[in-house]
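One structure is given below, encoded as structure tokens.
Every number here is computed from the coordinates shown, using simple stated rules; none is lab data. Please read these numbers as outputs of a predicted model, since none were measured by experiment. Cβ atoms come from the backbone with ideal geometry, glycine included; neighbour counts cover every protein chain shown.
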Amino acid sequence: MSWSSPLLRSPGAVEADGLDAGVAAHYGDPLREQRVLLAGDGCVDLSHREVIRVDGPDRLGWLHSLTTQHLVGLPPKTWVTTLVLSPQGHVEHAMTGYDDGRSFWAHVGPREAASLLAWLDSMRFMMRVAVHDVTHEWAVLAHRPHDFELVPRADLEASVRGALCGSWAHEALRIARGEPRLGLDTDHRTIPNEVGWVGSAVHLDKGCYRGQETVARVHNLGRPPRRLVMLNLDGSVDRLPESKAEVHQDGRSVGVVGSAARHFELGPIALALVKRNVPLDAPLTTDGVAAIQEPVVDPEVGLHVRTRLQA
């Protein structure tokens with residue numbers, strides 16, 4: 001859906017570009033907006049994201065069998081993130097949502113709903129479920145970094161509570177928390193173990209789902225081939241690395257940058273996927289900018305479980 005938010009008419013609004021086009025990047029002071037969000041006094045317009053709804057009495061059991069999250073018995077209005085994996089365990093879709101007792105609602109990234117709904121629809125078989133794209137009727141707001149709200153799109157302006165904050169502030173706080181964003185911090189080869197989604201979006205104590213074998217094998221017996229890190233970038237360079245810029249150690253490519261932002265306390269930061277064996281203290285560069293890494297995913301993940309299994 002091509003969308004231009006009515007909140008772009010608000011004072012100081014500057015439109016974002018790329019994946020976040022259609023909503024405001026900031027309203028004049030993106031660093032102040034980060035502080036406002038952290039204090040719980042802000043509201044972020046995420047109305048460019050797309051919204052789906054799954055109806056029918058079998059919806060939670062059906063989604064439970066297809067995705068990575070434990071959804072059977074999910075309490076009403078409990079927000080969760082769940083993934084759809086390929087048979088090889090690669091992340092294909094990510095959605096965040098809740099069940100209201102009658103339907104399961106979720107939001108996904110811009111231009112992601114159509115492919116997700118096509119796949120879900122192909123998996124209905126004899127189940128009593130129906131899937132819908134309701135993006136034209138519903139929109140997403142965030143009042144805190146983890147506090148999402150679905151509101152009628154017609155009531156978007158009236159639903160704003162607190163000071164308007166832009167996508168730049170929202171993204172900077174997300175990067176600082178080490179939370180990956182599908183399509184920016186992942187690629188077609190990404191498995192959940194590489195980016196810290198095991199535990200938060202992948203439930204390890206549930207029945208089979210597509211791609212489970214890869215997730216379980218890496219979790220129990222080995223380490224993922226890559227790992228997500230946060231890069232603290234050289235603040236003396238007045239630019240951020242481009243998305244998909246290579247990360248280098250001693251002139252050798254060891255990874256790739258996903259998203260980058262300027263944080264009000266940490267300065268310029270980025271998320272990157274690097275090879276598992278890159279030393280934690282290795283000096284790195286990306287797009288000509290020096291960087292120091294902070295691990296988001298433990299480079300020894302899997303070895304702890306293996307030790308317990310062998311004991």
Most to least packed among 263-275, 113-125, 13-25 [average Cβ atoms within 10 Å]: 263-275, 13-25, 113-125
Positive-pole candidate from H26, A260, L85, dipole of the chain, charges at beta carbon: L85
At 0.890 mPa s and 25 °C, Stokes diffusion of segment 1-221 via Kirkwood alpha-carbon radius, µm² per second: 136 µm²/s
Test item: Cα-centred dipole of the chain, Lys/Arg +1 and Asp/Glu -1 on Cβ, debye: 920 debye
Amide H partners (placed H, <5 Å) of G258, local residues excluded: K244, L271, A272, L273
Packing rank of 224-232, 159-167, where each peptide gets the mean count of other beta carbons within 10 Å, highest leading: 224-232, 159-167
Long-range HN-HN contacts of S4 with modeled amide H, under 5 Å: none
Mean projected area (nm²) of the alpha-carbon convex hull when segment 13-135 is viewed from all directions: 9.0 nm²
Contour minus Cα-Cα distance for D55 and R124 (0.36 nm per residue): 23.7 nm
The chain: most fluctuating residue of E92, E213, E50 per GNM, C-alpha cutoff 10 Å: E213
Whole-number percent relative contact order across the chain, with pairs defined as alpha carbons under 8 Å at least 6 apart: 19 percent
Relative counts (whole %) of C-alpha pair distances in segment 172-272, using bins that are 10 Å wide: 14, 42, 29, 12, 2, 0
Dimensions in Å of segment 224-310 - Rg and Dmax from alpha carbons: 13.8, 50
5 angstrom amide H check on W138, placed H, neighbours 5+ away: R153
